[in-house]
Ligand code: FRU
């Protein structure tokens, strides 16, 4: 540990203590979503299960509710419900990462945990340089930095970050987000036999490549994996124009499905599909766990999207993570389902079957609360249906379009909307509500809306509205929340 490292750790720990009471008294504090102990949390990093333990690292700026020289914070769990907040994993202590220990991933090799991350050196308005770096751990909680493993290749700008590493047929592969010198977003593929020496295979996808037109000036946080026989490239393109119901957030997060030829460095793929339809979702990362499941966690935030308008800022923290979701490929789409472990948090079920509402708005007895899960199954939906949450957000369905609205975070006199056209009739909605967030899984996870919500802290009412007749069953569980030790 260098002096600088020791100083940074101490300063961050002091900041946690200094703001602890304020952060913990915030009514918008989450019950079962990871949030930072203080400051700003962004991307999930280094997701891995090792010897039974799940490791979740995250981008963290302890000193401000703004972006800056990031640290890697660290949570561990054996069951995805009981969590331990570990010591800080990485600080921006070295010359090659002084602007931030930016996003990256984890793999196990020779019984050691290897973290690949981006060392950022900050310039004015943009990075001056970004390197891919390595840190290694024997015990999973203390890390030794090994320095730079890849420098920016010729033909690309300093936007070169977010390494995601995996192994296939005894070879290591890495995808990195990049920007070409003509300012197009790209994903670069590298390979290695030993995790130290890396060779660039080439750009495998990008704006103005593989049949795409202009498709963004920078692609962040790539993740490439095989799922149920398909190669899927998750990526976050920046610079797409809003297009009807699509690309409504400041930056996007979605995927291409196709076939990867690793030798030739070619990824033939279809069109870009968004992973989420809500207001806050970005930079997701996936992992394969020891049960063989492909799990995903996303950041419940979007860079540069009126971040300072979140009311938690005044209590010295901002943003959180999504719940972990299991991914499946249905032949056309990624399907997302909350991991079954979350059922452990449920209290007793409250259930109403065959509730009919016709041209009316009603509460359903007992269906209320702020840390709850709701499951709705529709038997009949004649015309229009809506759920009003806490006199704040509304989820409404009309003509196959599902719309989420909330007061505009920045300009409260306005309402903002996010929408999706469903492939089939609305059959099922599963809602995970926390004190300041909402995740809606539509038709068994064919679509998802992830958003922060800031209703009055004590407001717990939920109302159901129907034009024409709607008949549905509803189950509700109070959720006990994550247990921290
Ligand atoms: C995505 C991102 C990454 C970067 C990290 C820095 O949100 O911009 O590209 O590594 O955040 O915190």
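The values are calculated or read from the model by the stated rules, or taken from the named source; none is laboratory data. All figures in this text were calculated on a predicted structure; none of them were measured in a lab. When we count neighbours, we look across all protein chains shown, and the Cβ atoms used for this are built from the backbone with ideal geometry, even at glycine.
For the reader, a short list of remarks on this structure follows.
- Residue list for the range 282-304, restricted to those being more than 28 Å from residue 52 (Cα to Cα) and surrounded by 16 or more Cβ atoms within 10 Å (Cβ to Cβ): 301, 302, 303
- Count of residues meeting criterion [assigned to a loop (DSSP other than H, G, I, E, B) and surrounded by 13 or more Cβ atoms within 10 Å (Cβ to Cβ)] in the range 360-375: 6
- Meets criteria (away from the ligand (no atom under 14 Å from the Cβ) and surrounded by fewer than 19 Cβ atoms within 10 Å (Cβ to Cβ)) for residue 86: yes
- Apart from one condition, residue 378 fits all of (1) surrounded by 14 or more Cβ atoms within 10 Å (Cβ to Cβ); (2) over 13 Å from residue 464 (Cα atoms); (3) over 21 Å from the mean Cα position of the chain (by Cα); the exception is (2).
- Test: residue in the range 260-270 that is surrounded by 20 or more Cβ atoms within 10 Å (Cβ to Cβ), out of contact with any helix residue (DSSP H, G or I) (no Cβ under 7 Å at 6 or more places or on another chain) and within 18 Å of residue 33 (Cβ to Cβ): no
- Filter pass, residue 120 being at pLDDT 95 or above, surrounded by fewer than 20 Cβ atoms within 10 Å (Cβ to Cβ) and closer than 30 Å to residue 168 by Cα: no
- Leading residue by the ranking (nearest to the ligand (Cβ to nearest atom)) among those in the range 55-69 that are assigned to a strand (DSSP E or B) and either touching a helix residue (DSSP H, G or I) at 6+ places or on another chain (Cβ under 9 Å) or closer than 15 Å to residue 115 by Cβ (or both): 59
- Selection count, the range 100-113, where residues are surrounded by 22 or more Cβ atoms within 10 Å (Cβ to Cβ) and more than 14 Å from the ligand (Cβ to nearest atom): 2
- Residues that are surrounded by fewer than 20 Cβ atoms within 10 Å (Cβ to Cβ) and either more than 21 Å from residue 108 (Cα to Cα) or modelled with pLDDT under 95 (or both), drawn from the range 53-68: 63, 64, 66, 67, 68
- Residue 22 on the phi < 0 side of the Ramachandran plot, surrounded by fewer than 20 Cβ atoms within 10 Å (Cβ to Cβ) and outside any strand (DSSP E or B): yes
- All of (1) under 24 Å from residue 194 (Cβ atoms); (2) within 16 Å of the ligand (Cβ to nearest atom) hold for residue 120 with one exception: (1).
- Any hit, the range 349-357, residues being part of a loop (DSSP other than H, G, I, E, B), modelled with pLDDT of 95 or more and within 30 Å of residue 466 (Cβ to Cβ): yes
- All positions within the range 305-329 that are without any contact (Cβ under 8 Å) to a residue 60 or more places away in the chain and either touching a helix residue (DSSP H, G or I) at 6+ places or on another chain (Cβ under 6 Å) or farther than 20 Å from residue 287 by Cβ (or both): 305, 314
- Scan of the range 35-54 for residues that are in contact with a helix residue (DSSP H, G or I) (Cβ under 9 Å, 6 or more places away or on another chain) and in a strand (DSSP E or B), ordered by number: 39, 40
- Residues of the range 286-316 satisfying the condition of being within 16 Å of the ligand (Cβ to nearest atom) and over 25 Å from residue 242 (Cβ atoms): 286, 297
- Hits in the range 144-157 - residues which are crowded, with 18+ Cβ neighbours inside 10 Å and within 17 Å of residue 98 (Cβ to Cβ): 145, 152
- Members of the range 327-346 found to be closer than 30 Å to residue 81 by Cβ and exposed (fewer than 13 other Cβ atoms within 10 Å of the Cβ), listed by number: 330, 340, 343
- Of all residues in the range 70-86, those satisfying the criterion of being in a loop (DSSP other than H, G, I, E, B) and either within 20 Å of the chain's Cα centre (by Cα) or in contact (Cβ under 8 Å) with a residue 60 or more places away in the chain (or both) are 70, 79, 80, 81.
- Taking the numbered list (1) touching a residue at least 60 places away in the same chain (Cβ under 8 Å); (2) within 12 Å of the ligand (Cβ to nearest atom); (3) under 21 Å from residue 132 (Cβ atoms); (4) surrounded by fewer than 21 Cβ atoms within 10 Å (Cβ to Cβ) in turn, residue 42 passes all entries but (4).
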